[in-house]
Structures are given as C-alpha cells and as structure tokens.
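Visitor: This is the structure I have questions about; it appears just below.
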Amino acid sequence: MNMAMAKPETLISVRGLTVGFGGPTILENIDLDIYRGEIVAIVGGSGTGKTVLMRSILGLVRYQSGSVAAFGTPVTDIGTDGRLANRWGVLFQHGALFSSLTVSQNVAVPMREYLDLPQSLLD
C-alpha cells in the first residue's frame, strides 16, 4: 500500500529575500519555509541579520528583492487584509515594544484595537 505523506501547509514562505540599508547587504537571496506545527529558531551572532529577517517577514522592513508570504498572502498586502493581521502575533527578544510609546501605551495598543473600552480606562 502506497501511503503518501500529505505535504504540510506552508505558513510563511520567503523567496530570494535581499535586504540592505544603503550600505552593505544585510541579507542576500534568503529562502525559508515555515510549516504548520513547526517550531523554528533563528540563531546567529550579533549583527548577522536575525532581526532584519524577522522584521522583513512581518512587513516592517522594505526589502530590495524577493518575496515574503504569510498564510499564502504577500506581507505587502497584510495592511489591506485585517483578517490576516489577526492570525499571528510576535513577541520580540527582551520584550521589545513600540519604541515611540510608553509601556502603558504599548499595553493599551491591542486593548484599543480589539476591545470596546472607554478611552478613560485606557489612559
């Protein structure tokens, strides 16, 4: 009996990703697939591009070439599809928050976005 394994669902797909910031190239021609059920760690020395890769996957960094898709949708389109943005969450190393906001304001961001709370409670 030939029982072929079902191909796992690709949740994140990175193809030919190249990122630089006007000087040296930080990432060059990166390919990566992350499948449903996988636990993935990105490991490397300081300054090797781990954070740049994560920020590129999240659509927070503009890349020079390549493509990044999450749940089959290009990350460049995530802003136009709120359903996709609600399907994932990220916690950065050392609890990084929005650097322009206070801790209290950072805590209030998802509460303001997803709950119907009075502004006085969020302040």
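Bear in mind these aren't lab numbers, they're just calculated from the coordinates by the rules spelled out. These numbers come from a predicted model, not from an experiment. Note: ideal-geometry Cβ built from the backbone for every residue, glycine included; neighbour counts use all protein chains shown.
Visitor: Computed on alpha carbon atoms, what radius of gyration and Dmax characterise region 10-88, expressed in Å?
Guide: Computed over the Cα atoms of region 10-88, radius of gyration and Dmax are 12.6, 37 Å.
Visitor: Let me ask something additional. For Gln105 and Tyr35 in the same chain, what is the full-extension length gain: residue separation times 0.36 nm, less their Cα-Cα distance, in nm? Walk me through the numbers on the way to the answer.
Guide: Details: separation 70, 0.36 × 70 = 25.20 nm, distance 3.36 nm.
Extra length from Gln105 to Tyr35 when fully extended: 21.8 nm.
Visitor: Something else about it: Students often check this: by mean Cβ neighbours within 10 Å, which of 108-117, 57-66 ranks highest, and how do the rest follow? Don't skip to the end; give the middle numbers.
Guide: Numbers: 108-117: 11.2, 57-66: 16.1.
Ranked from most to least packed, the peptides come out as 57-66, 108-117.
Visitor: Using θ = phi - 60° and the Karplus form 6.51 cos²θ - 1.76 cosθ + 1.60, what ³J(HN,Hα) does each residue of region 46-54 get, whole Hz, x for Gly and Pro?
Guide: 4, x, 9, x, 4, 5, 4, 4, 4
Visitor: Turning to a different aspect of this structure: Which far-off residues, 5 or more places away or on another chain, put their amide H under 5 Å from the one on Gln64, with H placed in the peptide plane?
Guide: It is Thr18, Val19, Gly20, by chain and number.
Visitor: Here's a follow-up. Using packing as a proxy for protection, rank 30-41, 5-16 so that the peptide with the highest average count of other Cβ atoms within 10 Å comes first.
Guide: 5-16, 30-41
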